[in-house]
Amino acid sequence: MRKILCLIVTLLPMYSMANSFFLPTVHSIKNGNQCEISFNDKIVSKHDCEYESPSYLKSYSLLADSWTGVWIFQDSPMGNACEAEAIRIISLDSENKIQVHKPIDYCMGSVMINNDGDKVKINIQDINDSKKSEVWIFKDNKLEKLK
């Protein structure tokens, strides 16, 4: 009985946190010449996009150690020489604070996104030259480029 009680006391805080985390309703739309990303009908990101489709959701990760949600969107140009445009990162922390991070400039290559538990790793690999790559890390609600 004592072991069960210890287990309940240990897991109760994690259960409480998990029960209080709500994912927002996320929309990405084109409104005239503006592309907008909204969380629960509140616009959190807006950019000019006359010759683009709305940004599309490329990845979502929950960093369970900090209860931070990380949404990664990619802009979608029409008729451009690039495969895509900017990569946009939006985070929502455990206190429901939304943060829009500086977009990552992107044109061509493969984009690999990994949730490494406490961080999200974005690896952009040039398909024509395997030695050319960029690695970005989102951790502790900060986005940084590795050198």
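Miscellaneous remarks
- Residue count, the range 64-80 (criterion: part of a strand (DSSP E or B) and in contact (Cβ under 8 Å) with a residue 60 or more places away in the chain): 2
- Just so you know, in the range 28-49 the residues that are of a type in the set (D, E, K, R) and part of a strand (DSSP E or B) include one that is farthest from H101 (Cα to Cα), and it is K30.
- Residue within the range 26-35 that is under 17 Å from S91 (Cβ atoms), β-branched (V, I, T), more than 14 Å from the chain's Cα centre (by Cα) and surrounded by 13 or more Cβ atoms within 10 Å (Cβ to Cβ) present: no
- Consider the range 80-93 and keep the residues that are under 15 Å from the mean Cα position of the chain (by Cα) and of a type outside the set (K, R). The one that is surrounded by the fewest Cβ atoms within 10 Å (Cβ to Cβ) is D93.
- Unmet requirement for M112, which otherwise passes all of (1) under 27 Å from F22 (Cα atoms); (2) touching a residue at least 40 places away in the same chain (Cβ under 8 Å): (2)
- Tally of residues being closer than 11 Å to L143 by Cβ, among the aliphatic types (A, V, I, L, M) and surrounded by fewer than 18 Cβ atoms within 10 Å (Cβ to Cβ) across the range 94-126: 1
- The range 102-147, residues that are among the aliphatic types (A, V, I, L, M), closer than 15 Å to E83 by Cβ and over 12 Å from the mean Cα position of the chain (by Cα): M108, V111, M112, I124, I127
- The range 56-76, residues that are more than 18 Å from P24 (Cβ to Cβ) and surrounded by fewer than 16 Cβ atoms within 10 Å (Cβ to Cβ): D65
- Boolean, L23 is part of a strand (DSSP E or B) and at pLDDT 75 or above: no
The values are calculated or read from the model by the stated rules, or taken from the named source; none is laboratory data. Computed from a predicted structure; not experimentally measured. Cβ: placed from backbone, ideal geometry, glycine included. Neighbour counts: every protein chain shown.
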